[in-house]
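The structure under discussion appears below in the form of structure tokens.
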């Protein structure tokens, strides 16, 4: 009897050992793929970080229990960001996604130290074997929103609250202005720099200053809705940015160029999980859906909506794009000849204003 019990106990232990060995050997198959997101602001900014966080959630929904995501908000740009990025790399995260230009050098430094971790950097240009860049051709919907603004202004002065004088922001101002001038050659775009990404008070003050200078349409390149609120409070209209700002402010927001990060995040995470991820420099546009134009406010006439959507289709079909010549700079000098197309490298390094912009690239 004792022998039979001992044999049964032995077989039970043997089975447990085999099960334990199986789970140890296949543990990678059951482990979740861990992704960390580094945010410049809070998801509640209702702008840039809000849309990145929506993209994170969409990837989480699409990939389900296979992934785990975490994020940290309000991480300052510059070399200090490297410590935050390295903390995630050191603690077992498989992929780290940094969502602002100023994280570039810090991320590159960490990527070189952790070759088995995937790194994705938004809006930068430096890469490594395990570090890619991604961005969207926001200048395309910016142009279309400029057409809306050009049709809406009565004073022919449009105010633009701008963040920092870097190529991304300059490119957006130029695209917007070209859209304005395409439908209203008499209009100008007046720029005020706030030197902020997220400072509700400063950005509202800048919008008020532009309104006091005769602007009756306000646009922006920051991460808050405060410029739109300033316009609404003065009884004039605005153009949103980053996300569809109309639900947060009202119909005074005529339209918003916005980001759609979810599809990109889902794909790049899945590629890394599948082992098909390769170093890349992604720059998609309206055709790919990473950037888009929101629905129009009821204040935008149907005839204007139709005109803009026709131009939208031309961009999607590749028949035309924003920085195709002829284009002049502020001094009236032709910088892109008729028939010429500005190349991506020149767009990514843009440092001049086009004709129709009032302001300086500091």
For this session: Report the paramagnetic label zone for residue 305: residues of region 255-292 whose backbone N is under 19 Å from a point 7 Å from Cα along the Cα-to-Cβ axis.
Result: 255-258, 292
Seminar exercise, completed: Helix 104-113: inclination vs the chain longest Cα principal axis, degrees, rounded to 10, gives 20 degrees
Problem set entry | Separation of the residue 295 and residue 105 label points, Cα + 7 Å toward Cβ, nm | 4.5 nm
Problem set entry | Residue among 262, 349, 172 with the largest mean-square fluctuation in a Gaussian network model of the chain, springs linking Cα atoms under 10 Å | 349
For this session: Evaluate the distance, in nm, between pseudo-label points positioned 7 Å from the Cα of residue 87 and of residue 209 along their respective Cα→Cβ axes.
Result: 3.5 nm
For this session: Treating the angle as unsigned and between 0 and 90°, give the value, to the nearest 10°, between the Cα long axis of helix 81-90 and the longest Cα principal axis of the chain.
Result: 20 degrees
For this session: Please report the orientation-averaged projected area of the chain, defined via the convex hull of its C-alpha atoms, in nm².
Result: 22.6 nm²
For this session: Let me see the pair-distance distribution of region 81-214: every alpha carbon pair, 10 Å bin width, integer percents in order.
Result: 12, 31, 25, 18, 11, 2
Exercise. Shape of region 289-362 from its Cα gyration tensor (a ≥ b ≥ c, root eigenvalues): rounded if a/c is under 1.5, otherwise prolate when a/b > b/c, or oblate?
Worked result: prolate
Exercise. Counting DSSP beta bridges in the chain, what percent are antiparallel, to the nearest 5?
Worked result: 15 percent
For this session: Express in whole angstrom the spacing between the alpha-carbon centres of region 32-79 and region 337-362.
Result: 32 Å
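Taking square-rooted eigenvalues a ≥ b ≥ c of the alpha carbon gyration tensor, is region 202-345 rounded, prolate or oblate, where a/c under 1.5 means rounded and, failing that, a/b exceeding b/c means prolate?
oblate
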For this session: Using only Cα atoms, find the angle between the long axis of helix 48-63 and the longest principal axis of the chain, and express it within 0 to 90 degrees, rounded to the nearest 10.
Result: 40 degrees
For this session: Grab the Cα-Cα distance for residue 155 and residue 362, subtract it from 0.36 nm times how many residues apart they are, and report the gain in nm with one decimal.
Result: 71.9 nm
For this session: Determine the calculated [θ] at 222 nm for the chain from helices alone, applying -39500 (n - 2.57) to every DSSP H run no shorter than 4 residues and normalising by the residue count; nearest 500 deg cm²/dmol.
Result: -13000 deg cm²/dmol
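What ratio of Cα Rg to 2.2 N^0.38 Å holds for region 187-249?
Here the Cα radius of gyration is 0.99 times the empirical estimate.
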Exercise. For region 86-207, what is the percent of antiparallel DSSP beta bridges, rounded to the nearest 5?
Worked result: 5 percent
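Name the shape class, rounded, prolate or oblate, that the alpha-carbon gyration tensor gives for region 85-150, where a ≥ b ≥ c are the square roots of its eigenvalues, rounded holds for a/c under 1.5, and otherwise prolate holds if a/b is larger than b/c and oblate otherwise.
Cα axes put region 85-150 in the prolate bin.
FYI, it's all coordinate maths here, none of it is from the lab. Computed from a prediction, not measured in an experiment: that's the story for all the values here. Please note: Cβ atoms are built from the backbone with ideal geometry, for glycine as well, and neighbour counts cover all protein chains shown.
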